[in-house]
1. From Cα pairs below 8 angstrom and at least 6 apart in sequence, can you work out the relative contact order of segment 78-236, rounded to a whole percent?
2. Ranked highest first by the average count of other Cβ atoms within 10 Å around their residues, in what order do 115-127, 187-199, 237-249 fall?
3. When only the heavy atoms of the protein chains count and the probe is 1.4 Å, how do Asp183, Asp147 rank by accessible area, highest first?
4. Please work out how much accessible surface Cys262 shows to a 1.4 Å probe, ignoring ligands, DNA and RNA, in Å² rounded to 10.
5. Of all accessible surface on segment 78-236 at a 1.4 Å probe, what whole percent is carbon and sulfur?
6. Once the other residues with Cβ under 12 Å from the Cβ of Phe152 are scored (Lys, Arg +1; Asp, Glu -1), what is the net sum?
7. Cβ under 14 Å from Gly133's Cβ, Gly133 left aside: what net charge do those residues give with Lys, Arg +1 and Asp, Glu -1?
8. Roughly how many debye, to the nearest 20, is the charge dipole of segment 78-236 about its Cα centre, given +1 on each Lys and Arg Cβ, -1 on each Asp and Glu Cβ, and no other charges?
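The values are calculated or read from the model by the stated rules, or taken from the named source; none is laboratory data. This structure is a prediction, so every number in the text was calculated from the model and none was measured. Glycine also receives a Cβ, built like all others from the backbone with ideal geometry; neighbour counts cover every protein chain displayed. Just the protein is used for accessible areas: all its heavy atoms, side chains included, with ligands, DNA and RNA removed. Shrake-Rupley method; radii C 1.70, N 1.55, O 1.52, S 1.80 Å.
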Amino acid sequence: MTTDISKKGPEDDVPKARPAEAIKAIPVRHFGRYVAAVLAIGVLAAIVYAFSQGDINWGAIPDNFFDERILKGVRETLILTFLSMLIGVVGGVILSVMRLSKNPVTSSIAWFYIWFFRGTPVLVQLFVWFNLGFVFDYVNLGPIYKDEWSDFMTPFLTALLGLGLNEAAYMAEICRAGLLSVDEGQTEASHALGMSHGKTLRRVVLPQAMRVVVPPTGNEFINMLKTTSLVAAVQYYELLKYAQDIGTSSGATVETLLLAACWYLIMTSILSVGQYYLERYYARGSSRTLPATPFQKIKANMLSLSNRGGGVS
């Protein structure tokens, strides 16, 4: 006679769990997105259809795209943009340092400058510079320079002063924000090492402030490129002024304005690419991994598509 000595523990009475079934995820339908996409496509199609039915000589745009006067206007626009931004950046740095100075006189002067030039439209400032000849007959700098105001204040100088001095007020606030973003401990540590205030500003504060200053400066540069079109009002010949003259002489007014818009788009697009890489350069110290460049994104997408194609085959 055999005896069964097997014993059952309490764990043997617990029912075994069944294997979990795969969860079937049902994507949420966003009907609002579909409606918005249809409406956007409908509005875009309506605009395209309206322009296609309008009395526009589209052939005038490629015919004049590389006209000698248009290319000269593009060159003058770029020169004016770079010089105005140079005045704006240099003036902005000086004004921001004055604004943060403990000297009440220099701080007040910088505050008044920023308040005045930011508070008045740039077109009004251009007209003021252009019409100062009604107030002053001569410009007299003593033994250095003396001439009639009309000969001194040329349209180019009017445009340069109007755009550059106005931009300096905006760049001053951008630079001030960048300087304030640097921790005060950096300045205190530099002073503890025996560095002067000016050397601390050049070697320690400004390099760290560039990460904050560069992105809005790039936006200001692109904005300045478009703002140069205002100087046509003071008879300075740049892209828009040349386009207006060609449109008046040829009768293709709207076509030449669209041509100018195309050139502005090309220039701003190129500057936007440069701004992206400049921001990426100064982001090296604040981010562990830099964002992928457009070329890297295209390469990654191509590799992923090729891998998918290889897997399917």
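1. Working: 170 pairs, mean separation 55.4, N = 159.
The normalised contact order for segment 78-236 reaches 35 percent.
2. Ranked by mean Cβ neighbours within 10 Å, highest first: 237-249, 115-127, 187-199.
3. The most accessible residue leads, giving Asp183, Asp147.
4. For Cys262, the solvent-accessible surface is approximately 50 Å².
5. That share works out to 66 percent.
6. Once all neighbours under 12 Å are counted, the net charge is -3.
7. -4
8. Working: 10 positive and 10 negative charges, 93 e Å.
About 440 debye.
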